[in-house]
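Right, one structure below, let's go through it.
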Amino acid sequence: MPVTQQLINLCASLLLLIAFAMLTQRRLLSLINLFAMQGAVLAANTAVVAFSTGQEHLYWSAGLTIALKVIAMPLILHRLIDRLELRTDQETLINIPSTLLLGIGLVVFAFNLALPISQLAGTITRSSLGIAMASVLLSFLMLITRRKAVPQVIGFLSMENGLFLAATSATYGMPMVVELGIALDVLVGTFIFGIFFFQIRETFDSLDIHHLEKLKER
Amino acid sequence: MSPLLQDSLQQALETVFMILLAPLVLGWVNQCRAWLQNRRGPGLLQPYRVLRKLFNKEPVLAHRASLLFRRAPYIQLGCIVLAASIVPSIATGAPLSPAADVIALVGLLALARVFLALAAMDVGTAFGSMGARREMLIAGLAEPALLMVFFTPALISGSTAFGVIVDRLALAEFQIYPGLAFAAVAFLMVLLAENARIPIDNPSTHLELTMIHEAMILEYSGRHLAVIEWAHALKLTVYLCIGIALFVPWGIAPAGHWSVMPLATLILVGKLFAGGAAIAVLETLSAKLRIFRAPEFLGTAFLLAVLAMLIHFLLGT
């Protein structure tokens, strides 16, 4: 196995490890730091893929990842929770050991699904496809097991990380235009989420999205 | 010199070296913690001074103490010394190494713990039984995690014999195994739990409600306590050696190379001190968990170890 492929595998595994860490994390600040770390690992992975395949545009997307997901978004989120004064532990809908067990199940499922595909592929990134799918599913799990709005948004953003890894490992990334578009969308999305947080809190005096269920009864 | 004699000499030297080094490693961890907490610390040699003091004192036994209570410290020390001689630390291919594979090694460490827990219940005080129960709760959760941690390197090397695993990992061509990264994180969590370090147990506490390991050995005194303390220090060293052998094995001497052994010893001591400092940093950064959070902590370790195996299956070959 060439060294670059080993590095790619290592980065992909670290991304999955961080996805698991996010699943277990109760504290909001650590969650944001983990998200920034996941972005950094993703950027490193993209850069290694760019180096080993000679795809110039992947360097750009690695740079974009660092600028947006490692620096800009964590900063925005930090400022948001400062202004919302959210410092307490976040509750989860099901307890954390069960969430982890579910997570392992999802990983097995994703690996099984990706194994035949990656065996047919000839790309250097073929084995990280399973990991990318697993981390998408894990972020999805985080999205549905969290009660409060901010961890849900972080779950959503980390799902985007997983999708990005999937794109890089399946087809060496998307075309530049698409990548730029997505990056902008996610950035704008984060801003809009921030506005939503304030609106939700103003209406219900809390960020528990449980309150949103009342809307449908009238 | 005949090969058998040579091997035995190597084994004896290695084991004695580990036994003598163990209090120093513990002293180093405590000293690092003191530095990180802005204290001066008792110095590196404090565990040796404590041992000398305890060996000179007369042991006081409870009225109801049975033979088990008096023998348990020695059985515990024996188990851990045997574990120390099985783990390849300075050189691989020690003669005692094939005596037990990694699964038996886990069993050996469990045996030591079971005897200490039995001895703690033997006198019949409330604290002893409470500590023993808590210790067995932690042990029951940490043991499967430790076994799973061993399985990933065993899968990579195709053997459960510790010597073969280390030979394969240290001396074969360098390759990144992402599975091992997961296993290393899981192992670190198990190490902290099994050695009564901070997220699970506080080694310096004497507050009755929170202590686990200290509660078990509350009734011991004199040379019995000294033997237990020594075994405890040796256990920490053995765990560090297991971690070194599995995850950073480079620098270990191949079997039968006497000329490399002084260098390998130096490298081992350096790694042990680096590992000890890392433990001190981790302990300073984290707060003690409530006892009911411990299953969550160790459950995470177990799942990470399972994940390590899955990753190895996906990426391996």
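Every number in this text was worked out from the coordinates using simple rules, so none of it is lab data. Keep in mind that this is a model prediction, so the values were computed, not measured. Quick reminder, even Gly has a Cβ in these numbers, built from the backbone with ideal geometry, and neighbours come from all protein chains shown.
Taking A:Lys148 as the anchor, which lysines have their alpha carbon closer than 29 Å to its alpha carbon, excluding any fewer than eight residues away along the same chain?
Straight-distance partners of A:Lys148: A:Lys69, A:Lys214, A:Lys216, B:Lys288.
Across peptide B:301-309, what mean number of C-beta atoms from other chains lies inside 10 Å of a residue's C-beta?
4
FRET efficiency for A:Leu102 and B:Val16, Cβ-Cβ distance as r, R0 = 30 Å, nearest 0.05? Kindly include the intermediate steps, with their values, before the conclusion.
Values: r = 49 Å, r/R0 = 1.64.
Efficiency at R0 = 30 Å is approximately 0.05.
So what's the angle, to the nearest 10 degrees on a 0 to 90 scale, between helix B:294-315 and the longest Cα principal axis of chain B?
10
Restricting things to alpha carbons, find the Rg to Rh ratio for the range B:98-225 using the Kirkwood radius for Rh.
A ratio of 1.07.
Farthest toward the dipole's positive end in chain B, which of B:Leu82, B:Pro178, B:Ala278, given Cβ charges of +1 (Lys, Arg) and -1 (Asp, Glu) about the Cα centre?
Comparing the listed Cα positions along the dipole, B:Ala278 ranks first.
Taking each residue of A:16-28 in turn, how many C-beta atoms of other protein chains fall within 10 Å of its C-beta, and what is the average? Before the final figure, lay out each step's value.
Working: counts 5, 8, 0, 0, 6, 3, 0, 2, 6, 0, 0, 0, 0.
Partner Cβ neighbours, averaged per residue: 2.
Hey, can you rank B:221-227, B:282-288, B:297-303 by average C-beta count inside 10 Å, highest first? Kindly include the intermediate steps, with their values, before the conclusion.
Numbers: B:221-227: 19.3, B:282-288: 13.9, B:297-303: 23.4.
The peptides rank, most packed first, as B:297-303, B:221-227, B:282-288.
When you look at the Cβ of every residue in B:176-189, what mean number of other chain Cβ atoms sits within 10 Å?
On the way: counts 9, 4, 14, 2, 2, 4, 5, 0, 0, 3, 0, 0, 0, 0.
That average works out to 3.
Compute the long axis of helix B:46-56 from its Cα atoms, compare it with the longest principal axis of the Cα atoms of chain B, and write down the angle in degrees, 0 to 90, nearest 10.
That works out to roughly 50 degrees.
Going by alpha carbons, how many degrees (0 to 90, nearest 10) lie between the helix axis of B:261-285 and the longest principal axis of chain B?
The answer is roughly 50 degrees.
When the helices in chain B are scored as -39500 (n - 2.57) per DSSP H run of 4 or longer and the sum is shared across all residues, what 222 nm value do you end up with, to the nearest 500 deg cm²/dmol?
It lands at -24000 deg cm²/dmol.
Using the Cα centre of the range A:45-152 as origin and beta-carbon charges of +1 (Lys, Arg) and -1 (Asp, Glu), tell me which of A:Thr125, A:Asn45, A:Leu102 is placed farthest towards the positive end of the dipole.
Looking along the dipole axis, the top candidate is A:Leu102.
Taking 60 Å as R0, compute the FRET efficiency from the Cβ-Cβ separation of B:Ala104 and A:Ile76 and round it to 0.05.
Using R0 = 60 Å, I get an efficiency of 0.65.
Test of understanding: what is the full-extension gain from B:Phe313 to B:Leu67, defined as 0.36 nm times their sequence separation minus their Cα-Cα distance? Present the calculation step by step, with values, prior to reporting the outcome.
Numbers: separation 246, 0.36 × 246 = 88.56 nm, distance 4.92 nm.
Fully extending the segment from B:Phe313 to B:Leu67 adds 83.6 nm.
Taking R0 as 56 Å, what FRET efficiency do you get between A:Leu113 and B:Leu266 from their Cβ-Cβ distance, rounded to the nearest 0.05?
Here the calculated transfer efficiency is 0.70.
Between B:Leu44 and B:Leu207, with labels modelled 7 Å along Cα→Cβ, what's the label distance in nm to one decimal, could you check?
Rounded to a tenth, the inter-label distance reads 3.3 nm.
When averaged across all projection directions, what area in nm² does the alpha-carbon convex hull of the protein assembly as shown cover?
For the protein assembly as shown, averaging the hull's shadow over all directions gives 29.4 nm².
So which helices of chain A fit the span-like rule, where a helix is a whole DSSP H run, its Cα atoms reach 20 Å or more along the axis, and its mean Kyte-Doolittle is at least 0.5?
Span-like helices in chain A: A:3-24, A:28-53, A:96-120, A:128-145, A:149-171, A:176-204.
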